[in-house]
Structures are given as structure tokens and as C-alpha cells.
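S.K.: Next up is a structure, given as C-alpha cells.
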Amino acid sequence: MLDHILGQEWEIAPAGGATGEAFYAKFEDQSLFLKRNSSPFLAVLSAEGIVPKLVWTKRLENGDVITAQQWLEGRELKPAEMNHELVARLLKKIHRSEPMLGLLSRLEKSPLNPEMIFESMIKKVDKETLSLPEVRNALNFLNQEAKNVHSDEKVVCHGDVNHNNWLLTEDNQLYLIDWDGAAIADPAIDLGMLLYWYIPEENWQDWLLMYGEELTDDLRLRMKWYVVLQTISSIQFHKDKHKLEEMNKWIQFLHDIL
């Protein structure tokens, strides 16, 4: 299929990833990253300089859409590099982007509130996970604080700011990739995940100052609430994959933050 689009002279190989929908294509000095049915607002992400440049988009007869982006030589960030000012500045740019917010709104993405996110997550958690003492304790916390974590601020959230999704190129350009889970929601979703996973708590204030925000009690509570919710989801995810060691790490993490 990709041979038909690009021509026989292109060398095409899988680019990894969970979906198997991404490919690397090379011909002479040209290199492209190809993906099937990527995020519909990739063009805006490209224009804003948040992902590598979009080269072209093609719609196939079956309705699938293939996108081609520049393939840039680089690497994913190491966990210890997540405290870098480049990360804080790019996340701030994303959360302040009016073009991205406008387009995601036009794609009929309604802003998510805490109750909607909780309902969506809890449907995917089985009874065995719900019966774990740490998860029961977490659910008590989530229910008690749900009314206290509403925020009027709604931005484009990436939803998975794992260090694997940050691409640092050889010329020191930073990008945030894999936007399939983007939503309009409280920026505390992204901030909490990043700070809890990667930044020592005593450095949260300094990191947030680079981002352009103060560490208030309100923000601290909202970040914790979403991280607890995400952690329950991670426990279930690794349980489903039969990765019990990873599952137990997340159970311990949940115990530690509560």
C-alpha cells in the first residue's frame, strides 16, 4: 500500500509503536515518518512547531489517511532530562496555544471535567483491581476530593507526557509526539504526571516557575487527584498485559503518594 503511494524506489520499514501503524521511509537523501490515521490536528501541531514538519497528507480509497512528516535524527529524552527548561517551555506553549484549542474545539472535542474522566477510567477497571486495598483507598480519596478539583482553565492536554514521547533532535530542537490521546481539559493532567513521575517534590516550584505557574494548594490537589486516577489506570493496564512486576510498582507508587 505504501509502495503504491511512494513508489517502488522507497525503502519502507516499520517504525515501532504499539499500533503497528507507523513506518519509516527512505529514498536517497529523503527520510519520512509515515503514519496511518494520526491525529486530525497534526497540521496545526506542525505549524506550531510542536511536532516535526508535516510534508503531505493523502486519503486512501478505503477512507484511511496517511500522513508524512520529516524524519529527524534524534532521541527520546532521558527521565533525568525532564527537569529541563526546554520541557517546561514547550509544555507551556502547548497549553497556551489558541490555534490548537480552537481546532480541537471545532473537531467537537468537548472540554472534559473530573467526573467525565473518572467515569471513563473506572469502566476499564475490573473487580479484582478495584478490590486492592491501595485502590480502595485511592477511590475514597478521589470521591472525597472530586468536588474540589474543578478548574475553569481548560487547555489542550497531551495526556501522556512520558519521557518516551519527547524527541530531542541533533540540532537541539524539542518536540512532543504521539497526540492520539489529546483532549481539552485541566492542564493539571499533564503537569501532575510530569512532576510526580520525574521531578523531586522540592523542585516542583522551580520547575513550575519555568513553566509560568505558581505551586498553589489548589494546583497541588488537582495534580494529585489526576495522578491517582492515572495510576489506577496504569495498574489495570499492566495487569491486562500480565506484567505483574510493573503492576506492583504502580501499586506501590499509589501507596506512596497517598
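What follows is calculated from the coordinates using simple rules that are stated; it is not laboratory data. Small disclaimer: the values here were computed from a predicted structure and weren't measured. Backbone-built Cβ (ideal geometry, glycine too); neighbour counts: all protein chains shown.
S.K.: Name the GluC sites (Glu not before Pro) in region 80-133 that are in a loop by DSSP and that have at most 10 other C-beta atoms within 10 Å, would you?
M.R.: For GluC sites (Glu not before Pro) across region 80-133 that sit outside H, G, I, E and B with at most 10 neighbouring Cβ atoms in 10 Å, the list reads 108.
S.K.: Once phi is turned into θ = phi - 60°, what whole-Hz ³J(HN,Hα) does the Karplus curve with 6.51, -1.76 and 1.60 give for every residue of region 152-168, x standing for Gly and Pro?
M.R.: Values per residue, Gly and Pro as x: 6, 7, 10, 10, 6, 9, 6, x, 8, 8, 3, 4, 5, 8, 9, 10, 9 Hz.
S.K.: For an R0 of 25 angstrom, estimate the FRET efficiency from the Cβ-Cβ distance between residue 92 and residue 180 and round to the nearest 0.05.
M.R.: According to the calculation, E is roughly 0.70.
S.K.: A further question follows. Name the shape class, rounded, prolate or oblate, that the alpha-carbon gyration tensor gives for region 98-247, where a ≥ b ≥ c are the square roots of its eigenvalues, rounded holds for a/c under 1.5, and otherwise prolate holds if a/b is larger than b/c and oblate otherwise.
M.R.: Rounded shape, in that the Cα axes give a/c under 1.5.
S.K.: Lys/Arg Cβ at +1, Asp/Glu Cβ at -1, dipole of the chain taken about the Cα centre: which of 164, 230, 199 is farthest positive-ward?
M.R.: The one lying farthest along the dipole's positive direction is 230.
S.K.: I've got another one for you. Whose amide H sits under 5 Å from the amide H of residue 31, counting only residues 5 or more places off or on another chain, with H placed in the peptide plane?
M.R.: Residues meeting the criterion, in which the H sits 1.01 Å from N, are 71.
S.K.: Distance cut-off 29 Å, Cα to Cα: go down the list 35/224; 53/92; 109/243; 123/147; 92/147; 93/123 and report the pairs above it. Walk me through the numbers before you get to the answer.
M.R.: On the way: 35/224 34 Å; 53/92 20 Å; 109/243 33 Å; 123/147 20 Å; 92/147 26 Å; 93/123 33 Å.
From the list (35/224; 53/92; 109/243; 123/147; 92/147; 93/123), the Cα-Cα distance tops 29 Å for 35/224; 109/243; 93/123.
S.K.: A further question follows. Please go through region 74-176 and write out the trypsin sites (Lys or Arg not before Pro) that DSSP classes as loop and that have at most 14 other C-beta atoms within 10 Å. Before the final figure, lay out the partial values.
M.R.: Details: sites: 75, 89, 92, 93, 96, 106, 109, 123, 124, 127, 136, 147, 154; in loops: 96, 109, 123, 124, 154.
Of the trypsin sites (Lys or Arg not before Pro), the ones in loops of region 74-176 whose Cβ has at most 14 other Cβ atoms within 10 Å are 96, 123, 124.
S.K.: Gain in length, residue 164 to residue 249, computed as 0.36 nm per residue apart minus the alpha-carbon separation, to one decimal in nm?
M.R.: Length difference between fully extended and current span is 28.7 nm.
S.K.: Using r as the Cβ-Cβ distance of residue 152 and residue 122, and R0 as 22 Å, what FRET efficiency do you calculate, to the nearest 0.05?
M.R.: 0.35
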